[in-house]
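Quick notes on the structure that follows.
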Amino acid sequence: MDFLKKHYEKVLLGVVLLLAALAVASLPFWIVGQRGRLAAQRQDIIRKTPKPLTNLDLSMGQAVMQTLSAPLHAEFGRPHNLFNPVQWQKRPDGVIFKIAQGNEIGPEAAVVTKTTPLYLTIALDSVGPLSAGKPSGYMVSVERQAALSPRERSKRSVFAALDQKRRDITLREVIGPPEAPEALVIEFGETSERVTVKKDTPFRRVDGYLADLRYDPEKRTFLNRRVGDRLVIASEEYNIVAITENEVVVSQKLTGKKFTIRKRTEN
């Protein structure tokens, strides 16, 4: 007992060193065991059969993408007044009115009240003098009411000989006896169009229209207007570029923008 009392520190140190030696000696075996356990866990994870993936719900994302890809339709025109301040104007009679929609003035406020057809008429007037039993030609009258030039609109006579161009027409065929033809086939030089002119029935077709227009904001009327005529509406100048039975198309002189004025039936 005296030995232990005198040397207990040494004994305690020896026990600690012995335990440390045992721990160091057992460490390789512990490492091998840990490696085996980790390898087993890795194999369990690798060999594990994953569950099949379910169909993903992409409807929300697709709806968002569709919304983002759709163009933005922003309406800044009338009747919205963010960029279109409301205007007021005075009529010739002194009445002040509001321009809310934008069509209260200008060509959109005009109407066509009447259209009159303009005809192209070709008639066989007479047979020319006979030469060797055959006529030298035929007297044909041509009237172009829709011609742009005023002097071309009046009725004029043309002496037409077979296959000889006279002004802008050419006689291409005589139907029936030459001295008493039943009809003539006439060709127009500008378009090479052929028409048949019967002896007792002139050829007649609509080639254009005259138009009467009314512009109520200024209490003005425009009568017998043709293609190419000029209109002054709301202090702006417009040219008539086309006239049909029910519409007049005008072009603004400064910008070239076209407007269609439609016919209104009078009550």
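Each value in this text was obtained by applying a stated rule to the coordinates, not by laboratory testing. All of these numbers come straight from a predicted model, not from anything done at the bench. With ideal geometry, Cβ positions are generated from the backbone for all residues, glycine too; neighbour counts draw on all protein chains shown.
Note that the range 22-62, at 4 °C in a medium of 1.567 mPa s, gets a Stokes-Einstein diffusion coefficient of 92 µm²/s from its Kirkwood radius over C-alpha pairs.
Placing unit charges on each Cβ (+1 for Lys and Arg, -1 for Asp and Glu) gives the range 27-66 a dipole about its Cα centre, and among 53, 32, 63 the Cα reaching farthest toward its positive end belongs to 32.
Cross-linked pairs 114/258; 134/198; 155/199; 155/219; 134/199: Cα-Cα separations exceed 27 Å for 155/219. Taking all C-alpha pairs of the range 119-206, those more than 21 Å from each other amount to 24 percent. Charges were assigned to the Cβ only: +1 to each Lys and Arg, -1 to each Asp and Glu. The resulting dipole of the range 117-267 about its Cα centre is roughly 380 debye.
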